[in-house]
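Here's the structure we're looking at; comments come further down.
The values are calculated or read from the model by the stated rules, or taken from the named source; none is laboratory data. All values reported here derive from a predicted model rather than from experimental measurement. All Cβ positions, glycine included, derive from the backbone under ideal geometry; neighbour counts span all protein chains shown.
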Amino acid sequence: MASPADLAASDRVTFAPGVALARQREALASLAAVLRADAAGVDEEERFPRVALDQVRASGLMGLLVPVEHGGLGGSFSDLALGARVLGSGCLSTALIWSMHCQQVAVVARHGSRRLCEELLPEVAAGAVYIASVTSEKGKGGHLTSAVAPLQWSGDAVVFDRDAPVVTGGREADGYLMTMRRDAGAQDADVVLVYAARDVVEAQAGSAWSTMGVRGTQSGGLRLAGRVPAHQVIDPPGGFARVAGTTMIPAGHVAWAGSWLGAAHGALCEVVAKLRDPVARKRMREVDELGAERIARVRIAIDTVESFLRCYASDYDRTLAEQGLDSAVLRSSAFNIRTNNLKVVASELAFSAVDQLLQFAGLGGGYRRDDALPVERAFRDLRSAAIMYANDRLLVASGKLALFDGAAEPFVARLDEQLRRPA
Amino acid sequence: MSVHDTRQVFVEVLCDFLPEVSSGDELQMDASLRGLGLNSLRAVDLLIALEDRFGVMFPDEALTDETFATADALLAMLVTLQEAMAHG
């Protein structure tokens, strides 16, 4: 298995800034191959994919959503979706770790103070800083837009003591972006974000992470205490609701959906390759009519997620380009419902695809643990998709919002309508 | 396998997928395979049967009208694959 030291400098994968990832597919594929090489080991040993992440750091991809002016790749959500998909086809744990990092980066880049951006984003782009998301908290059950632990303001610094039961990659992160209650007198819904580098934080590991799948994400509990300068608080106009609605949730859903799609797509490609390989297929089930139908349904699931994701990302990028973060479109029920639906659809269909693939491949080709045909691992990994973050909550929200979105149209219809109006 | 044997086995396999042709003797090598009843689903099964029989692998791009224009065209591709395998 390759380690970063083994790869000669000329073999290292790098990405060009300001160029769509769709035009850098070879680099993406090379990176995915590195992830794939260690995916079985990461799963088996329940360890953080440090080797893979080091390669992602070295490639510049940690800075996908860092603007070019701060040394990043200046990517869009379409780039985010593609990057997540290709990485997901190599190792879903690594893809999800990278996805959540990108989500934090997007929040900092768009909503952080100028000073925070100038200090932090170049480091992120250089691969030196992996940011973990700290939003979970005891007693609030995963609800994003509320917080319990308050910030204490002390001169031009803030002090925090934050206990989070689930922090993806928490023990490996270089920095943390945490949701906090504004201060001790504030309501639960009055949330701000604060960034803290690991070296100024006192971290205590909480519950261990031992799960059915995505074992490499090492999302165990973490308690973080420390003090940082006040400019590291992210509290823009419009508050956290605007940060969450326009940036944090869409970025998260796009990147997760891409990652899950990649894992399912990767599993399908491996099975089809085995069915086409003249030697390997003697051990696989024959593709009779029932077999063909099963494969067709796997393709339906994957094609559906791919289309939905690509359409969402493209519509979002367009909305942002045309109207910016304050676009009324990004506050509409139509947008919120579509954002929720993306996550629900991708989580359900990606898992369903691999479940059906496993059914097709049977005991020998799917249920058995096999490094060469990791359908079984993809199944265990993707079962997490509907749970992290709970689909149930999203569905209830979407259903209620839908009552007040009688037109039930794609959110870009709203954008087009606004663009048609005379200025 | 000699070129003659390849051709003979090829014709045997092919005829299994041509409902209009009952034996190899009847097969016209330059006739349209579609005209002889080869549709796209049978074409997939035919390629897989040829792969199993000859131990070659047709690339995804082989599934085109040109490949299946005539028996001669398909046989030519099969022979090319065999040669590539022998030298590979």
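Within segment B:48-88, the residues that satisfy the criterion of being buried (at least 18 other Cβ atoms within 10 Å of the Cβ) and polar (S, T, N, Q) are B:Thr67, B:Thr70.
Can you give me the number of residues within segment B:24-42 that are in contact with a Ser or Thr (Cβ under 8 Å, 6 or more places away or on another chain) and buried (at least 18 other Cβ atoms within 10 Å of the Cβ)? Spell out the reasoning first.
Going residue by residue through segment B:24-42, those that are in contact with a Ser or Thr (Cβ under 8 Å, 6 or more places away or on another chain) are B:29-33.
Among the residues that remain, those that are also buried (at least 18 other Cβ atoms within 10 Å of the Cβ) are: B:33.
Going through segment B:24-42 one residue at a time, the tally reaches 1.
When you check A:Arg318 against the structure, is it assigned to a helix (DSSP H, G or I), over 23 Å from A:Ser133 (Cα atoms) and among the charged types (D, E, K, R), yes or no?
Details: assigned to a helix (DSSP H, G or I): yes; over 23 Å from A:Ser133 (Cα atoms): yes; among the charged types (D, E, K, R): yes.
When the stated conditions are applied, A:Arg318 passes them.
Do we have A:Ala205 as at pLDDT 95 or above and in contact with a strand residue (DSSP E or B) (Cβ under 9 Å, 6 or more places away or on another chain) here? Judged against the criteria, A:Ala205 is not a match.
Residue count for segment A:274-299 under the criterion of being buried (at least 16 other Cβ atoms within 10 Å of the Cβ), of a type in the set (A, V, I, L, M) and in a loop (DSSP other than H, G, I, E, B): the result is 2. Applying a threshold of 8 Å to beta carbon distances and a minimum spacing of six or more residues, or different chains, the list of pairs starting in segment B:43-72 at a residue that is more than 14 Å from chain A (Cβ to nearest Cβ) and in contact (Cβ under 8 Å) with a residue 12 or more places away in the chain and ending at one that is of a type in the set (Asp, Glu) and surrounded by fewer than 16 Cβ atoms within 10 Å (Cβ to Cβ) reads B:Thr70/B:Asp30; B:Ala71/B:Asp30; B:Asp72/B:Asp30. Quick check on A:Phe48: is it within 28 Å of A:Thr179 (Cβ to Cβ) and surrounded by 24 or more Cβ atoms within 10 Å (Cβ to Cβ)? Judged against the criteria, A:Phe48 is not a match.
Counting only strands (runs of 3 or more DSSP E) wholly contained in segment A:121-196, the ones carrying 1 or more residues that are under 16 Å from A:Gln232 (Cβ atoms), touching a strand residue (DSSP E or B) at 6+ places or on another chain (Cβ under 7 Å) and free of Cβ contacts under 8 Å to residues at least 40 places away in the same chain occupy A:152-154, A:175-181.
Which residue out of A:Tyr312, A:Tyr389 is under 19 Å from the mean Cα position of the chain (by Cα) and in a loop (DSSP other than H, G, I, E, B)?
On the way: A:Tyr312 fails: in a loop (DSSP other than H, G, I, E, B).
Answer to the selection: A:Tyr389.
In this structure, is A:Ala244 among the small types (Gly, Ala, Ser), in contact with a helix residue (DSSP H, G or I) (Cβ under 7 Å, 6 or more places away or on another chain) and part of a helix (DSSP H, G or I)? Taking the combined requirement at face value, the residue does not satisfy it.
For A:Val194, the conditions (1) within 22 Å of A:Arg114 (Cα to Cα); (2) among the β-branched types (Val, Ile, Thr); (3) at pLDDT below 95 all hold with the exception of (3).
Residue selection: A:Val271 fails the criterion of being at pLDDT 95 or above, part of a helix (DSSP H, G or I) and either among the acidic types (Asp, Glu) or more than 22 Å from A:Leu64 (Cα to Cα) (or both). Within the bounds of segment A:165-179, is there any residue that is modelled with pLDDT under 95, under 19 Å from A:Tyr389 (Cα atoms) and in contact with an Asp or Glu (Cβ under 8 Å, 6 or more places away or on another chain)? There is at least one residue in segment A:165-179 that is modelled with pLDDT under 95, under 19 Å from A:Tyr389 (Cα atoms) and in contact with an Asp or Glu (Cβ under 8 Å, 6 or more places away or on another chain).
None of A:Ile302, A:Ile337 is touching an Asp or Glu at 6+ places or on another chain (Cβ under 9 Å), surrounded by 16 or more Cβ atoms within 10 Å (Cβ to Cβ) and among the hydrophobic types (A, V, I, L, M, F, W, C) except A:Ile337.
If you scan segment B:33-42, which residues turn out to be in contact with a Leu (Cβ under 9 Å, 6 or more places away or on another chain), more than 13 Å from chain A (Cβ to nearest Cβ) and either more than 18 Å from B:Leu78 (Cβ to Cβ) or part of a strand (DSSP E or B) (or both)?
Going through segment B:33-42, the residues in contact with a Leu (Cβ under 9 Å, 6 or more places away or on another chain) turn out to be B:33, B:36-38, B:40, B:42.
Cutting the leftovers down to more than 13 Å from chain A (Cβ to nearest Cβ) gives us B:33, B:36-38.
Result: B:Gly37, single match.
For the structure I just gave you, tell me whether A:Leu363 is away from chain B (no Cβ under 14 Å), of a type in the set (A, V, I, L, M) and touching a Lys or Arg at 6+ places or on another chain (Cβ under 7 Å). Quick ask: steps written out before the conclusion?
Values: away from chain B (no Cβ under 14 Å): yes; of a type in the set (A, V, I, L, M): yes; touching a Lys or Arg at 6+ places or on another chain (Cβ under 7 Å): no.
For A:Leu363, the condition - away from chain B (no Cβ under 14 Å), of a type in the set (A, V, I, L, M) and touching a Lys or Arg at 6+ places or on another chain (Cβ under 7 Å) - is not met.
Answer yes or no as to whether A:Val375 is β-branched (Val, Ile, Thr) and within 14 Å of chain B (Cβ to nearest Cβ).
Values: β-branched (Val, Ile, Thr): yes; within 14 Å of chain B (Cβ to nearest Cβ): no.
It is false that A:Val375 is β-branched (Val, Ile, Thr) and within 14 Å of chain B (Cβ to nearest Cβ).
Could you please let me know if A:Arg276 is away from chain B (no Cβ under 14 Å) and out of contact with any Pro (no Cβ under 9 Å at 6 or more places or on another chain)?
So A:Arg276 does not fit the description; no.
How about segment A:193-214: which of its residues are closer than 20 Å to A:Arg227 by Cβ and touching a Gly at 6+ places or on another chain (Cβ under 8 Å)?
Residues satisfying the conditions are A:Tyr195, A:Ala196, A:Ala197, A:Arg198, A:Val200, A:Val201, A:Glu202, A:Ala203.
Across segment B:11-32, the qualifying residues are those that are modelled with pLDDT under 90 and in a loop (DSSP other than H, G, I, E, B), and the one among them that is nearest to the other protein chains (Cβ to nearest Cβ) is B:Pro19.
Would you confirm whether or not segment A:372-383 contains a residue that is farther than 21 Å from A:Ser259 by Cβ and assigned to a helix (DSSP H, G or I)? It would help to see each step written out before you state the result.
First pass over segment A:372-383, keeping only residues farther than 21 Å from A:Ser259 by Cβ: A:372.
If we keep only those that are assigned to a helix (DSSP H, G or I) too, we end up with none.
Checking segment A:372-383: not a single residue is farther than 21 Å from A:Ser259 by Cβ and assigned to a helix (DSSP H, G or I).
Could you pull out the residue among A:Ala52, A:Ala81, A:Ala37 that is part of a helix (DSSP H, G or I), under 22 Å from A:Trp209 (Cβ atoms) and small (Gly, Ala, Ser)? If you could, list the steps in order and put the result at the bottom.
On the way: A:Ala81 fails: under 22 Å from A:Trp209 (Cβ atoms); A:Ala37 fails: under 22 Å from A:Trp209 (Cβ atoms).
Answer to the check: A:Ala52.
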